[in-house]
Amino acid sequence: MPDQVRVRVPATSANLGPGFDTFGLALTLYDDLVVTPAGSGVTVEVTGSGEGEVPLDESHLVVRSIRAGLEALGVPVPGFTLRCENRIPHGRGLGSSSAAIVGGLAAAYGLAGVPVDRDRIVVLANEIEGHPDNVAAAALGGFTIAWTEGDVGRAIRLDPVDGLAAVAYVPDNRVLTKEARGLLPGVVSHIDASANAGKAALLVAAMTTRPELLLIATEDRLHQEYREPAMPESLALVHKLRGSGLAAIVSGAGPTVAVLGRPDETSAPAGKAAGQPAFFRGTPDAPDGWTRYDLGIDPVGVQVWSMESG
Ligand SMILES: Nc1ncnc2c1ncn2[C@@H]1O[C@H](COP(=O)(O)OP(=O)(O)O)[C@@H](O)[C@H]1O
Ligand SMILES: [Mg+2]
């Protein structure tokens, strides 16, 4: 067994407009984990997001996921210390729960000394998370398409178009995924369902080869508007940004709003803004009380390093 396992796992955006529970995108914002086998039981230390809020015992989501991973791999590790350095905000629709689950499962592979099996991590993570879209992107990186076969989570990864980037506008308030999912209707109209099927198909092209179609391809009729009562400011921001031609969506279950676009570095002017991609310059500042993150696309998903002290 290694003396220590280190894990880096990305934030993710899901749905991306029309692809409810299907599309995922891995972003360059990360949680870092350090796991050190020791004794029995667990000691957990958290800095950053969730500090002072998440439990520090066996019920901690990363601990539960490490345990689930070790059990699936049939490797007993009675105890360990876990250090979490969290940057992904919690309860905002940037996949913090998926990062915790995928990070914990990947750590189990590191502890067991076996190479990470990303497809199996999607299966196991979907069992814990209950839907596969964010966990797919956290496990595989890039742009992912997830689905379920029976209850089994599956996903494929596609390369997003070169230079794709995202601006995430994150409000101070949280909306728990459970609450946001509770607002969705049991039945939708055929016309809305078919509109979304078409836009979802188009979005695969827009994300991979035709970014000029991102605005039209991110139109949704199945979930965003229904969530308005839980996040009116987010929907207002989506409408405002889309009205100015930007491909804005509610990220995951919200309330974060994300804008997708391709930086066009050749059009960056000389001077103060030189080097800052045109796409980032062309998006407005965060509203008061919101934080803006300028992000790239993480290409690889969760990463694991095992350390041996010779
Ligand atoms: N890194 C983490 N460590 C422990 N628990 C976490 C972590 N990230 C998320 N969680 C748990 O998941 C909850 C947020 O999950 P969720 O409502 O799905 O929002 P998000 O969109 O951020 O995934 C947190 O309140 C916390 O209970
Ligand atoms: Mg979540």
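Answer yes if at least one residue in the stretch 145-165 is assigned by TED's automatic domain parsing to the domain that holds Ala26, within 16 Å of ligand 1 (Cβ to nearest atom) and over 17 Å from Val300 (Cα atoms), and no otherwise.
yes
Name the residue that is farthest from Tyr293 (Cα to Cα), counting only residues in the stretch 1-56 that are in contact with a Gly (Cβ under 9 Å, 6 or more places away or on another chain) and of a type in the set (D, E, K, R).
Selected residue: Arg6.
Of all residues being within 16 Å of ligand 2 (Cβ to nearest atom) and closer than 17 Å to Glu58 by Cα in the stretch 85-128, which is surrounded by the most Cβ atoms within 10 Å (Cβ to Cβ)? Just the residue, please.
My answer is Val102.
Identify, by number, the condition in (1) buried (at least 20 other Cβ atoms within 10 Å of the Cβ); (2) assigned to a helix (DSSP H, G or I); (3) small (Gly, Ala, Ser) that Ala68 doesn't meet.
Going through (1) buried (at least 20 other Cβ atoms within 10 Å of the Cβ); (2) assigned to a helix (DSSP H, G or I); (3) small (Gly, Ala, Ser) one by one, Ala68 breaks only (1).
Mind listing just one residue for me: the one in the stretch 76-113 that is more than 13 Å from ligand 1 (Cβ to nearest atom) and in a strand (DSSP E or B) and, of those, farthest from Val250 (Cα to Cα)?
Gly79
How do the helices (runs of 4 or more DSSP H) wholly within the stretch 115-210 filter down when requiring 1 or more residues that are under 30 Å from Pro277 (Cα atoms): which remain?
Here the list reads 133-140, 190-208.
Output the qualifying pairs, or none if there are none: Cβ atoms under 6 angstrom, residues six or more apart or on different chains, first residue in the stretch 87-103 and over 15 Å from Ile121 (Cα atoms), second residue near ligand 2 (Cβ under 9 Å from one of its atoms) and part of a helix (DSSP H, G or I).
Ile88/Ser96; Ile88/Ala99; His90/Ser96; Gly95/Asn134
For the list (1) in contact with a helix residue (DSSP H, G or I) (Cβ under 8 Å, 6 or more places away or on another chain); (2) without any contact (Cβ under 8 Å) to a residue 24 or more places away in the chain; (3) more than 26 Å from Thr208 (Cα to Cα), I need the number of the one condition that Gly130 fails.
Unmet condition: (1).
The values are calculated or read from the model by the stated rules, or taken from the named source; none is laboratory data. Everything quoted here is computed from the prediction, not taken from an experiment. Because the Cβ atoms are built from the backbone with ideal geometry, glycine has one as well, and the counts that use them run over all protein chains shown.
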